[in-house]
Structure formats: structure tokens, C-alpha cells
Amino acid sequence: MKCHSSQNQKPISDEKIKILLMGNPNVGKSVIFSKLTGVHVDSSNYVGTTVDYTIGDVNFGRQQGVMIDVPGVYSLEATSEAEKVAVSLLEEGADVIICVLDATHLERNLDLAYQLKEYPIPIVYSLNLVDVAKRQGINIDAKKLSEELGAPVIPTVAIKNTGLMDLLRTSMKLAKEERIPRPKLTEEERWKKIKDIVAKVQTKVDSGPTFIEILEDKTIQPWPGIPLALLVLIISLGVVIGGGKALRALVLLPLVRDVIQPFLTNLVSLVVPPGIFRNLLVGDYGILIIGIEWPFALILPYVFLFYIVFSFLEDSGYMPRIGVLADGLLRRIGIQGGNIIPIMLGYGCAVPAILGSRVANTYKERIIVAALVSFAVPCASQSAAFMSLLGDRSILALASVYLLSILVALLVGIIINKMVPGKSQPMLLEVPNLLWPDKDAFKKKLKLRMKNFLIDAEGPMLLGIVIASVIAETGILNEFSRLIGPLVEGWLGLPKEASLSLLLGIMRRELAVLPLLELNLTTLQLIVGSVIALFYLPCLSVFAVLAKEFSLKVALLIGLATTTSAFLFGGIINQLGRLILGVM
Amino acid sequence: MTLAFGNKRAKYRVLKLPDSHFLKALGLRKGTEFTLECKHPFKGPVVVKVGCRCIAIDYDIARDIEVEEVS
Ligand SMILES: Nc1nc2c(ncn2[C@@H]2O[C@H](COP(=O)(O)OP(=O)(O)OP(=O)(O)O)[C@@H](O)[C@H]2O)c(=O)[nH]1
Ligand SMILES: [Mg+2]
């Protein structure tokens with residue numbers, strides 16, 4: 001998978017107007033950026049979505065410009081990674097800064113606004129999220145604020161595209177003007193000034209708590225927050241598992257099996273004479289048969305529903321609340337609660353999860369999160385494969401595989417926490433407002449995620465299937481199976497054809513599961529196979545990202561540890577299971 | 001008294017706090033008044049409300065924040 005950090009190093013030509021988009025975290029910078037440049041960047045309702053900067057072109061009339069989406073920061077102290085990036089961008093210089101202010105938290109936002117004024121760059125203020133402010137009964141006089149700040153203030157609702165053109169026009173205009181930096185204020189002076197300004201420009205009507213405010217309150221308390229979180233989790237699982245099963249059984253499988261596959265088989269039979277080549281295309285492991293059935297009928301429905309549910313939770317602002325609720329538990333494994341977000345991201349794909357762990361400031365926490373995710377968090381594709389494999393046969397087996405994954409995750413955390421020196425970072429986090437996700441933004445995000453999935457997953461999956469059909473149809477598989485037969489048949493109790501899983505699983509996680517579908521396994525064998533697949537090697541992309549973010553050594557170590565435990569746990573479960581079944 | 005020992009729903013004023021820029025940036029400074037929203041069990045975070053925003057503060061940090069109750 002590509003990560004978005006690699007695309008931003010293109011040089012900026014000099015005659016273009018350079019616009020820096022800055023502001024506190026989670027104020028809508030990335031939304032503004034996406035709308036104005038057409039370059040999609042991730043935006044979510046929690047702090048730290050953007051950890052690196054992205055550049056995009058913006059044109060207004062004949063004026064050309066480039067815009068830079070700077071990571072959100074609370075101050076310019078350059079203590080965190082994001083702050084360092086922001087400060088270095090500022091020091092490189094720019095023609096104009098768009099400073100995005102969150103209208104619901106004006107006071108805190110003005111702190112950064114004032115620090116930015118110390119740079120010799122003209123500023124335009126975007127007073128964003130005015131829709132949410134209005135809902136909360138907050139009214140800000142933009143004109144007065146503009147007088148106080150000595151710079152234009154433009155009210156915007158980024159997700160509705162309101163005010164953005166005005167913002168762009170104003171910044172292009174201002175870019176031509178000289179600007180003298182304001183003298184540096186001390187912290188005390190700054191705060192006093194900000195307090196004065198807020199008192200002057202902001203009015204608030206208190207109309208009693210709205211439903212959302214009550215919800216905001218309840219979801220952060222241990223009671224009823226924790227049961228509510230469990231309920232949300234159960235509902236989410238229900239939607240994904242139940243909905244996925246329905247989609248698959250009612251729509252996709254009939255379509256693929258009764259329409260597409262017979263059609264392709266007939267077509268190929270007309271053109272290709274019987275023999276190895278026809279088998280390669282439409283045999284049992286035929287490229288056109290499983291090449292369509294696996295990714296589209298088995299994996300896609302679950303992945304699709306997973307991302308619907310996940311994106312909803314992400315944009316609603318609910319995730320950081322789970323982080324606060326889970327803090328007490330996650331501390332035991334050496335990480336603070338906020339890391340629940342990258343971990344949950346890992347249930348989609350481990351690559352963004354590991355990249356997202358950058359928000360965790362200490363190396364120790366990053367390693368723990370990365371190891372947890374590579375070890376015991378099945379990605380969406382793999383989960384889909386588990387559901388196809390186990391969901392129809394035994395929900396109990398499915399549940400026990402997931403239970404085991406959580407137990408092992410905790411164990412891994414405890415062990416690494418002991419092994420790696422260092423401390424976790426204390427939690428200090430602003431809990432975002434709960435927002436009803438915006439329809440357009442949501443659709444766009446979902447579309448992008450599905451596109452990424454199709455591009456990133458479909459290619460390797462097809463390649464895997466091609467390899468599978470070649471080695472299955474040519475007899476290479478038999479050789480390999482004989483070679484590792486003792487391990488697979490003896491210790492793991494699986495038929496020797498299961499070695500195909502081990503071969504393909506190197507490439508992608510779900511490919512370690514799917515070959516088992518065709519084997520008519522007993523429930524015990526299914527569980528053993530799933531457990532092996534769960535812990536087996538993280539996929540190639542994950543391996544690459546581990547090597548890049550940490551080091552090759554770390555990647556190899558994690559790979560070795562996961563594979564060893566795969567065979568260890570798989571074998572133990574097989575031996576124990578036989579013992580118990582034998583006794584009964 | 002320190003924030004870690006505060007009571008739910010009570011109002012407090014900050015007397016003394018560790019010199020962390022992040023705390024200040026979040027609006028917690030000497031003299032700030034806030035409401036303690038809730039405390040999470042097992043030394044989990046303390047959630048406070050400053051103005052209309054919610055901040056979750058680590059138990060270890062809360063132990064270092066000196067507060068007094070305001071009525
Ligand atoms: N209702 C409403 N929601 C908005 C508005 N602008 C942004 N949002 C939402 O606010 C959340 C944060 O937006 P982002 O663009 O990710 O924020 P950011 O400033 O880039 O955040 P970081 O990258 O973490 O610094 C998203 O869920 C957006 O959909 C707005 O004007 N109105
Ligand atoms: Mg962003």
C-alpha cells in the first residue's frame with residue numbers, strides 16, 4: 001500500500017503563490033485543503049489525522065498557487081513531531097497563511113493565531129465550523145474579530161463548501177502585500193489579550209443541553225459510557241457480520257456462481273481446448289473462477305461494511321471517547337488509551353494503523369502498537385475470509401478465534417512492555433465534539449478507501465491466485481506439500497493441501513485463509529487453520545512499512561515472532577483439541 | 001488538594017500546575033476555572049470541562065495539578 005507521506009516532496013516553483021494552511025488540530029484544515037485543491041487527504045474527527053504535510057495546486061482566475069496542508073498544532077514550541085514540521089514550514093517562508101479557527105473553541109484557537117502573527121507573512125483567518133457553533137448557541141462577530149486581529153476573517157463551513165472561494169480570493173489578494181511581523185508578546189500578555197477579544201466578539205446563548213450534548217456527556221463517563229461502548233461494538237460487529245453475510249449469500253454469490261462463472265466457463269471452453277491451459281483459467285483453482293469469487297463475493301462485502309461502520313465512528317468523534325474509556329486497560333500493556341485508534345484502524349488495514357501510530361510520541365508505544373497490530377489484529381480482508389470460512393460453520397469457532405486474538409494481543413503488549421525500556425506518554429487529549437458525519441465527506445472517504453482496497457488488495461490477490469492455480473495445476477504444490485508434510489499433517493493435523501495457505505499467506509493475510517475453504521475441514525481443523533493464519537506473517541506491505549517506519553531488524557523480528565507463534569499456537573490447539581475429542 | 005482527588009461535578013480553580021505547554025495550550029492555566037466531569041477507574045484519566053470543551057487528563061498529570069474548590 002502506498003502511504004501518503006511519499007507524495008509530498010515535489011518541488012514548488014517560485015512564481016506560484018505559496019499558501020500555508022495552518023491551525024489547531026481537528027479544525028477542518030484537511031477538508032478545506034481537499035475542497036480547494038481537489039487532492040484528497042484523510043480527514044477525521046480526531047486530533048492528529050495529518051501527521052505529515054501535503055502539497056496541492058490551487059488556481060484562482062489567472063493566479064496560480066500551491067497550498068500546503070500543515071499538520072495541526074496547538075503551539076509553535078516544536079516539541080512534538082507535528083510541531084517540528086509546522087515550524088520548519090513556517091521558517092521556509094510563504095506568501096500567505098490561512099489560519100483556520102474553530103468557532104466552537106475560539107479562545108484556544110486564538111493562541112496559535114497570535115503566535116503566527118510573529119512571522120512576517122500575511123494571514124487570512126478562516127472562522128470554520130460556524131454551523132456547529134451555531135448549533136451550540138455560540139455566535140461570533142466576524143467583523144469585530146477581524147478588526148481585533150487586524151486581518152480578514154472569513155466565516156466558513158468547510159464541509160458544505162461555504163465561504164471557501166472567498167477565503168481563497170482573499171488570500172491570493174493578500175499574498176501580494178508586505179507584512180511587518182508583530183512584536184512578540186509574552187504568554188501572559190497573549191492570554192490576557194485573547195480573553196479580552198473573546199469577551200468582545202463572542203456571545204453565547206445557553207438553551208439547555210441538546211440531545212447531542214447529553215450524548216457527549218454520557219459517552220465520556222465510565223457509566224454509562226463503557227456499556228454504551230460495548231453496545232456500539234456489538235452493533236458494529238452485527239452490521240458487518242450480518243450485513244456481509246446477507247450481501248454475500250443473497251446478492252454476490254448467486255451473481256458470481258450462477259451468472260458470471262458459467263458464462264466465463266462457457267466462453268473459455270469455446271476458445272481454449274481442454275487441457276492444462278483451460279484448467280488454469282476455469283478449473284477448480286482457475287484464475288477466472290476464484291479470481292472473481294474470492295475478492296468480490298467473499299472479501300468485498302465485509303470490507304465494504306467494515307469501512308462504512310468505521311468511517312462513521314471516525315467522523316462522528318466517538319473514537320477518542322473510546323480511547324479515554326480504554327485508557328485504564330491499555331495502560332496495563334504499556335500504551336495510553338489514545339492508541340486504541342490506530343489499533344482499531346488495524347482491523348481495516350495494518351499499514352495505515354502503523355503509520356497512524358506516529359501520533360504516539362514515544363518509541364515504545366509505537367513499537368507496541370505496531371507489534372500488536374501485526375501480531376493479533378486481523379485486517380478487514382482477513383476478517384472477511386474468517387467470516388466466509390467459519391461464519392457458516394460455527395459462530396462459536398469464529399468467536400473463539402477472535403477471543404484468542406485479543407488475549408494474545410494483551411499478552412504481546414505485556415511482554416513488550418517489559419522488554420522495551422521507556423515510558424508511555426501520559427494522556428492529555430481534547431475530546432472532540434460529537435458530529436453527525438457529513439454525507440459528501442463520508443461518501444468520498446468511503447469511495448477512496450474502497451478504491452485503495454481494490455487497487456492494493458486486488459492486484460496481489462489476483463497474483464496470489466495465479467500462483468495458486470499454477471502450482472496447483474502443475475503439481476509443484478505436491479512437492480512443496482511433501483516437503484513440509486510432517487509439520488502440516490503431523491503437528492498441525494491439517495491435510496497436506498493446506499500448505500498452499502502457508503505459501504500464499506506470505507503475500508496477503510486473507511490468502512492464508514481462503515485456500516482452506518475448498519478443503520472440507522473439520523471444525524477443529526478450521527480453528528487450527530484460522531489461528532495459524534491469524535498469527536502467521538504479516539503481509540508483504542506490512543512488512544515493508546515496518547521496515548520503513550522502524551528498521552529491517554524490527555520487521556524481521558516481528559515476522560519471526562508471529563510465524564513462530566502461529567505454528568506454536570496452531571499446534572497446541574490441534575494437540576489439545578484431539579486430546580479432548582479423543583477423551584469424549 | 002490535587003485534581004486527582006477531586007469530586008465529580010464539582011467546580012475547581014487551578015492553583016498550581018506542571019509547566020507543560022500542552023496544558024496551557026488546552027486552556028488549563030493558573031486561575032482557570034473548570035468542572036470535573038468524571039474520573040475513570042483504575043487510575044484512568046480525569047475528564048474536565050473548561051468552557052465548553054472536554055479535556056481528558058492523565059491520572060499522573062492530575063496528581064500534579066493543585067486545585068481549590070469554588071462554589
Ligand atoms: N460540521 C462541520 N464539520 C466540519 C467542518 N469542517 C470540518 N469538519 C469536520 O471536522 C473534522 C476534522 O476535520 P479535518 O479536516 O480532519 O481537521 P484537520 O484540521 O485537518 O485536523 P488534523 O489533521 O488532525 O490537524 C472532520 O470530521 C470534518 O468532517 C465544518 O465546517 N462543519
Ligand atoms: Mg488534517
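The values are calculated or read from the model by the stated rules, or taken from the named source; none is laboratory data. Given the structure is predicted, the values throughout are model-derived calculations rather than measurements. Please note: Cβ atoms are built from the backbone with ideal geometry, for glycine as well, and neighbour counts cover all protein chains shown. SASA here: full protein model, heavy atoms, side chains in, ligands and nucleic acids out. Shrake-Rupley method; radii C 1.70, N 1.55, O 1.52, S 1.80 Å.
Counting only residues at least eight positions apart within a chain, or on another chain, the aspartates and glutamates with an alpha carbon under 18 Å from that of B:K39 are A:E216, A:D217, A:D327, A:E430, B:D58, B:D60, B:D64, B:E66, B:E68, B:E69.
All other residues whose Cβ lies under 11 angstrom from that of A:S44 are scored, Lys and Arg at +1 and Asp and Glu at -1, for a net of -2. Here is the link list: B:K11/B:K43; A:K29/A:K451; A:K144/A:K445. Which ones come out longer than 28 Å on Cα distance? The answer is A:K144/A:K445. Using C-alpha pairs under 8 Å with a sequence gap of at least 6, the mean separation divided by the residue count of segment A:507-584 gives a relative contact order of 35 percent. Scanning chain B for trypsin sites (Lys or Arg not before Pro) that sit in a DSSP loop and have at most 14 other Cβ atoms within 10 Å, the longest stretch containing none of them is B:31-71. Of the trypsin sites (Lys or Arg not before Pro) found in segment A:295-376, the ones in coil according to DSSP and having at most 15 other Cβ atoms within 10 Å of their Cβ are A:R332. Note the angle between two axes, namely the Cα long axis of helix A:476-485 and the longest principal axis of the Cα atoms of chain A, as a number of degrees from 0 to 90, rounded to the nearest 10. Between helix and principal axis, roughly 90 degrees. The peptide list A:427-439, A:230-242, put in order of mean Cβ contacts within 10 Å with the highest first, becomes A:427-439, A:230-242.
The lysines within cross-link reach of A:K496, meaning a Cα-to-Cα straight distance under 27 Å and a gap of 8 or more places when in the same chain, come to none at all. On a per residue basis, the convex hull of the C-alpha atoms belonging to segment A:6-207 measures out at 117 Å³. For segment A:338-360 versus segment A:404-419, the inter-centroid distance based on Cα atoms is 16 Å. Mean per-residue shielding of peptide B:52-64 is 6, counting Cβ atoms of other chains within 10 Å of each Cβ.
In degrees, nearest 10, range 0 to 90: what is the angle between the Cα axis of helix A:300-316 and the longest Cα principal axis of chain A? It works out to around 20 degrees. Taking every residue in B:43-51 and counting other chain Cβ atoms within 10 Å of its Cβ, the average works out to 6. Pairwise inverse Cα distances across segment B:3-69, averaged and inverted, put the Kirkwood hydrodynamic radius at 11.5 Å. Loop-located chymotrypsin sites (Phe, Trp or Tyr not before Pro) in chain B (DSSP state other than H, G, I, E, B) with a sparse environment of at most 13 neighbouring Cβ atoms within 10 Å: B:F42. Across peptide A:423-436, the average count of Cβ atoms from other chains found within 10 Å of a residue's Cβ is 5.
A simple count of charges around A:L429, restricted to other residues whose Cβ falls under 13 Å of its Cβ and scoring Lys, Arg +1 and Asp, Glu -1, yields -1. When the residues A:K195, A:K418 are ordered by accessible surface, computed with a 1.4 Å probe over the protein chains alone, the sequence from largest down reads A:K418, A:K195.
For A:K134, the aspartates and glutamates whose Cα comes closer than 14 Å to its Cα, not counting residues fewer than 8 places off in the same chain, are A:D102, A:D206, A:E213. When DSSP beta bridges are restricted to pairs lying wholly in the protein assembly as shown, around 65% turn out antiparallel.
Short-range pairs are left out: with C-alpha atoms under 8 Å and at least six residues apart, the relative contact order of chain A is 11 percent. Sorting A:R508, A:R169 by accessible area puts them as A:R169, A:R508; the probe is 1.4 Å, largest comes first, and only protein heavy atoms count. Between A:A199 and A:I234, the simple spin-label model (points 7 angstrom out along Cα→Cβ) gives 5.1 nm. Axis of helix A:319-331 versus longest Cα principal axis of chain A: the two differ by about 70°, to the nearest ten degrees.
What does the charge count near A:R278 come to, summing +1 for each Lys or Arg and -1 for each Asp or Glu among other residues with Cβ under 14 Å from its Cβ? Taking every other residue near A:R278 into account, the sum is -2.
Annotation: A:H105 carries an accessible surface of approximately 20 Å², with a 1.4 Å probe and no ligand, DNA or RNA atoms counted. For the pairs A:K143/A:K173; A:K418/B:K24; A:K218/A:K364; A:K195/B:K30, flag any whose C-alpha to C-alpha distance is greater than 24 Å. Too far apart for the 24 Å limit: A:K418/B:K24; A:K218/A:K364.
Paramagnetic label reach from B:K30 (point 7 Å along Cα→Cβ; backbone nitrogen cut-off under 17 Å): within segment A:192-212, residues A:192-193.
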